[in-house]
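Reviewing the structure listed below.
Each value in this text was obtained by applying a stated rule to the coordinates, not by laboratory testing. Because the structure is predicted, anything quoted here is derived from the model rather than measured. Counting neighbours? That spans all protein chains shown, and the Cβs are built from the backbone with ideal geometry, glycine included.
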Amino acid sequence: MKIAFVGKGGSGKTTLSSLFVRHLAATAQPVVAVDADINQHLGPALGLDEAEAAALPALGEHLPLIKDYLRGTNPRIASADTMIKTTPPGEGSRLLRVRENNPVYDACARPVELDGGTVRLMVTGPFTDADLGVSCYHSKTGAVELCLNHLVDGRDEFVVVDMTAGSDSFASGMFTRFDITFLVAEPTRKGVSVYRQYKEYARDFKVALKVVGNKVQGQDDLDFLRAEVGDDLLVTVGHSDWVRAMEKGRPPRFELLEDANRRALRQLEIAADATYELRDWERYTQQMAHFHLKNARSWGNERTGADLAAQVDPGFVLDESVSASV
């Protein structure tokens, strides 16, 4: 299951995504955690110290390797240089699976040990001085999108992505790559503004969207969120002494997380699991083609000097039964 956590900066999306990763790990479920936010806070939220977080390999720095591996023997892709962030898989492409070992994980993922087990952590890499005036951070997150486009995951496998703040994922089709999106919102006007943007964009693409109310302190906060987001409000989370200790670098064992917050995390898992029966791989593949053609026309063809529309394999549908090139 592919799950995104989104929200405005400071909403608590990284904290909530890290708690959800810990929850899944505590039940020994296979998890790939991805920090797609250039602010790079997911590693520390999962317990890494400053040096460990800084040493994580950046997906953006391994983009040539990622492209070369995923290209496989796909005859529609002339070279790895012609692959862009929206390039979809086709016959002959190599695919990524949650439980396997492969060169992309070897280069870009690192194991993080949590109370209940070990998860794989991947990060886009921070925005550096070298990027200023040369490129934007979308080139960093493009590696995440390319991996998601080539990912095949099952019901009891989880890919949890801490997304960029705000609605930046609408710059491409990455917001359609998930089984469910959890939007973390504070009970304020600013807190629900990103929800309205996501709701508007997501409607036409049948994106499953649920709101997690964060920093909810009482009935008035709850009433506000219910009035603003209606039935999309899934759960609310209030103050947590466990989280406060974690933010100080002294997290207790995860089993000591407050009961109310443990129940909230379980509700997120139940909601994610319920979307499995709604999977439509044909629509999912068509959406990849839609955004790839859009990006090809707007900038991709000019940048690569190739007709990127030819990369779309009309007879290919990504699903759990498809075999990958080796």
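So here's what we get for this one:
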| quantity | calculated |
| --- | --- |
| Violating pairs (Cα-Cα greater than 18 angstrom) within the set K13/K210; K85/K210; K2/K206; K210/K248; K8/K199 | K85/K210; K210/K248 |
| Beta bridge orientation in the chain: antiparallel %, DSSP, nearest 5 | 15 |
| Degrees between helix 219-229 axis and first principal axis of the chain (Cα, 0 to 90, nearest 10) | 30 |
| Normalised contact order of the chain, rounded percent, pairs of Cα under 8 Å and 6 or more residues apart | 27 |
| Dipole of the chain, positive end: most advanced residue of L233, G72, M246 [Cβ charges, Cα centre] | L233 |
| Estimated 222 nm signal from helices in the chain, with DSSP H stretches of n ≥ 4 weighted -39500 (n - 2.57), rounded to 500 | -10500 deg cm²/dmol |
| Point-charge dipole on Cβ atoms (K/R +1, D/E -1) for the chain, about Cα centre, debye to 20 | 360 |
| Structure-derived P(r) over Cα pairs in 20 Å bins from 0, in percent - corresponding label in (i) 30, 54, 15, 1; (ii) 33, 59, 9; (iii) 31, 48, 20, 1 | (ii) |
| Eligible aspartates and glutamates near K294 by straight Cα distance, threshold 17 Å, same-chain separation 8 or greater | E145, D168, D204, E302, D307, D313 |
| On Cα atoms only, tilt of 281-295 relative to the major axis of the chain in degrees | 70 |
| Coordinate range along principal axes, alpha carbons of region 221-326, Å, largest first | 55, 35, 32 |
| For V34, residues with placed amide H under 5 Å, excluding near neighbours | M122, V160, V161, D162 |
| Cut-off 19 Å (backbone N to label point 7 Å along Cα→Cβ of L256), residues of region 35-72 | 45-49 |
| Peptides ranked, highest mean first, by Cβ atoms within 10 Å: ranges 198-206, 63-71 | 63-71, 198-206 |
| Whole-Hz couplings from phi, Karplus 6.51/-1.76/1.60, listed for region 99-106; x for Gly and Pro | 8, 7, 9, 7, x, 5, 5, 4 |
| Using θ = phi - 60° and Karplus 6.51 cos²θ - 1.76 cosθ + 1.60, couplings along region 192-204 (whole Hz; Gly, Pro as x) | 9, 5, 5, 4, 4, 5, 4, 4, 5, 5, 5, 4, 6 |
| Reachable aspartates and glutamates from K215, criterion Cα separation under 14 angstrom, eight or more residues apart if same chain | E186, D223, D241 |
